[in-house]
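Worksheet for the structure shown next.
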C-alpha cells in the first residue's frame, strides 16, 4: 500500500493526459454525421487557391523597369467602351468610298492618378494590341453603317486623355464593294 501511495504522484499526470486525449474532438471515431463545428476558410488547406486569385488581373503589371499589359483587361475595356460613330458615302472617280469616324472612350476608374493616366495614354499609343482592338471596333461600326461591304480599309488612330478615361478616335476610309449591274440583252 505504501508503494502505491508513492507511485500515485507519478501516475496522476499520466491519467490526466490520457483523459484529455480521450476527450479531444479529433480522437472520437469518425461518423457520417455533420461536423460539430462549422467549416471556415481558416480550416481549409492553405495549399488551395487564395482570394488573390479570384480578383480581375491588373491592367498593367510592373516588374522593375518592365511593363506588361493584360490582353483580357484591354478586351474588357473595349467591350464596355462608350463608342459613337458616323460616316457617309462619297463618289470619287466613279467609285463610291465610305468615310467615317469612330470615337471610343475606355472607362478608367475615377481614382486613377494623373501620372498613371498619362502613362496609360503613352502605353496605349505604342501597344499593337490596343491598336488592333481599336481598328476592329471601328471597322465593325463602319460596316454596320455602310450601305455595302467595305473593301480595303485605311485608318488613322489618335489617342487622347478624357475626364472619363482614355479616348481613341479612328478615322476610316474604305471603298464600297458593290455588285456591278449588268444589263442583259434579251433574245
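The values are calculated or read from the model by the stated rules, or taken from the named source; none is laboratory data. From a predicted model like this one, the values you see are computed outputs, not experimental measurements. Cβ coordinates were reconstructed from backbone atoms using ideal geometry, including for glycine residues, and neighbour counts include every protein chain displayed.
Quick rundown of the values:
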read-out: Hits in the range 155-185 - residues which are at pLDDT 95 or above and either assigned to a loop (DSSP other than H, G, I, E, B) or exposed (fewer than 15 other Cβ atoms within 10 Å of the Cβ) (or both); value: 156, 158, 160
read-out: Qualifying residue in the range 73-89 (condition: part of a strand (DSSP E or B), within 14 Å of the chain's Cα centre (by Cα), within 30 Å of residue 176 (Cα to Cα) and touching a residue at least 40 places away in the same chain (Cβ under 8 Å)); value: no
read-out: Qualifying residue in the range 161-176 (condition: farther than 21 Å from residue 59 by Cβ, in contact with a strand residue (DSSP E or B) (Cβ under 7 Å, 6 or more places away or on another chain) and without any contact (Cβ under 8 Å) to a residue 40 or more places away in the chain); value: no
read-out: Residue in the range 95-109 that is farther than 30 Å from residue 142 by Cβ and more than 19 Å from the chain's Cα centre (by Cα) present; value: no
read-out: Qualifying positions in the range 136-148 - closer than 10 Å to residue 98 by Cβ and not in a loop (DSSP other than H, G, I, E, B); value: 142, 143, 145
